[in-house]
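All of the numbers you see were taken from the coordinates with simple rules; none came from a lab. Worth saying up front: this structure is predicted, and the values here are computed from it rather than measured. In this analysis, Cβ positions are derived from the backbone assuming ideal geometry, glycine residues included, and neighbour counts consider all displayed protein chains.
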Amino acid sequence: MENASSPFMERLAENTAWMAWTWPTAAFFATIVALLAIFTVLALWRPERARVGVLGIPTTRGDRLFITLLGSAFINLAWLALVGPNLGWALALCLVYALAVFRLV
């Protein structure tokens, strides 16, 4: 039996080889896509009015998700710079940060 890969898949692999996709990278982007899909469904199913939290500005679920993702990126970058490549505890810190943002902001 011949190689089952199609010319499209071979060309795709050649054109994306520079990206260095790994399972953690793919899982990261899949999680972002899943979060965006969940928040879109939530916004359609149960619309939310903006609320004012500790920042003193009105925020919606989507705003809080954006603040969480941005803050988590900075937490991970700081962790890499100060501690090193073991990001397990940084992930736990990001989850605590996300809970705080969604409760307080």
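Identify the GluC sites (Glu not before Pro) of the chain meeting these criteria: DSSP loop state and at most 16 other C-beta atoms within 10 Å of the C-beta.
Passing sites in the chain are E2, E48.
For P(r) over Cα pairs in 10 Å bins from 0, in percent, one of (1) 12, 31, 27, 18, 9, 2, 0; (2) 11, 25, 31, 17, 9, 5, 3, 0; (3) 15, 49, 32, 4 was computed from the structure I shared and the rest are decoys. Which label?
Identified label for the calculated read-out: (1).
Using θ = phi - 60° and the Karplus form 6.51 cos²θ - 1.76 cosθ + 1.60, what ³J(HN,Hα) does each residue of the stretch 18-25 get, whole Hz, x for Gly and Pro?
5, 6, 6, 5, 10, 4, x, 5
Quick one: which of 62-69, 22-29, 73-80, 36-43 comes out on top by average Cβ neighbours within 10 Å, and what's the full order, highest first?
Descending mean neighbour count gives 62-69, 73-80, 36-43, 22-29.
Any chance you could give the angle, 0 to 90 degrees and rounded to 10, that helix 61-82 forms with the longest Cα principal axis of the chain?
70 degrees
Once the other residues with Cβ under 14 Å from the Cβ of G62 are scored (Lys, Arg +1; Asp, Glu -1), what is the net sum?
So the environment of G62 carries a net charge of +3.
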